Each structure stands twice: as structure tokens, then as C-alpha cells.
Amino acid sequence: MVSDNYPTIISINELGTVIPNKLIKRLLFSYNVYTKEGTNSHGGAVLAVDKKLKCHQLDIKEPNIIAVQTLINDKEFVIASIYSPPAEKLPISAMTTLLNQGKNILLIGDLNAKHQDWGCPDQQ
């Protein structure tokens, strides 16, 4: 799918220890690949950004969240890949910090968000 569509940005969540980081970087060789380990055996977040875009990784001290700042068409963007395990609370503090980075923010991921409107007995 990547070779057919060549997306500019790829977010992957819930890889855990199944796929080693070296293999991800080898498969996505035309991307700058940023990874963050998770808090469980299948957690973690990966963000792959086309090497044509200049970007730098943001210092997020939370597991399961990786974020970069980049320039696209002369506009600054913050892009984050987030995995929130089902048994854990949403990382609201880290998400708020990311949202305060500017006005062009993309929060992408598997949030496992819970809400009664979605048929979940719990709400987060």
C-alpha cells in the first residue's frame, strides 16, 4: 500500500515488540522514522515522514506518543502519533501540550476512547 500510494506521513500504532524498529526503518527507507515504546506488550507509536520534508522530533516524555514539527507549504505543523491502551486513561495532559504548540495540529492514532454514546459503559 505504501509503495502504491506513497503517503507523505504514516502513523502506525500498536506494533509492540512484534516488529523490530530496525525492520520498520528498513521497510520505510524513504521516510524519517520516529518511534516510541509502549506501556504494554503491543503498544507503541510510529511516525514516518517523507524525507523531503524537514522536521524535528518534539520532546514528549510520555510512552506511546511520538510527535514532530514540520513545515508544509510554508505552514508549520505539529503531527503526533498516539496509542492509548484500552486499560489506561487518555493522555489528556500530553495531548493538551501538543494542542498548545500552534494552530496546525494533527493528532493521529488509536485512542481507544470510551464514551457512552459509542455503547461503552465507561466514559473517559
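Read-outs: derived from the displayed coordinates by stated rules, not from any lab. Since the structure is predicted, the reported quantities are computational estimates derived from the model, not experimental observations. Using ideal geometry, Cβ is built from the backbone for each residue, glycine included, and neighbour counts are taken over all protein chains shown.
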What is the count of Lys pairs in the chain whose alpha carbons sit under 20 Å apart, if the two are 8 or more places apart or on different chains?
17
Listed highest first by mean packing, meaning other Cβ atoms within 10 Å per residue, what order do 85-94, 105-114 come in?
105-114, 85-94
Can you give the local net charge around residue 102? Use residues other than it whose beta-carbon is closer than 10 angstrom to its beta-carbon, Lys and Arg +1, Asp and Glu -1.
+1
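Which whole number of Å³ per residue matches the convex hull of the alpha-carbon atoms in segment 61-124?
Numbers: hull volume 6.1 nm³, N = 64.
Once divided by residue count, the hull of segment 61-124 is 95 Å³.
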In nm, spacing of pseudo-spin labels at residue 25 and residue 99 (7 Å Cα→C-beta vector)
3.4
Out of every Cα-Cα pair in the chain, what percent are more than 23 Å apart?
33
Theoretical ellipticity at 222 nm over the chain - DSSP helices of four or more residues, -39500 (n - 2.57) apiece, nearest 500:
-3500 deg cm²/dmol
Report the label-to-label distance for residue 51 and residue 114 in nanometres (one decimal), using points 7 Å from each Cα along the Cα→Cβ vector.
4.4
Segment 6-83: chymotrypsin sites (Phe, Trp or Tyr not before Pro) in DSSP coil with no more than 16 other Cβ atoms inside 10 Å
29
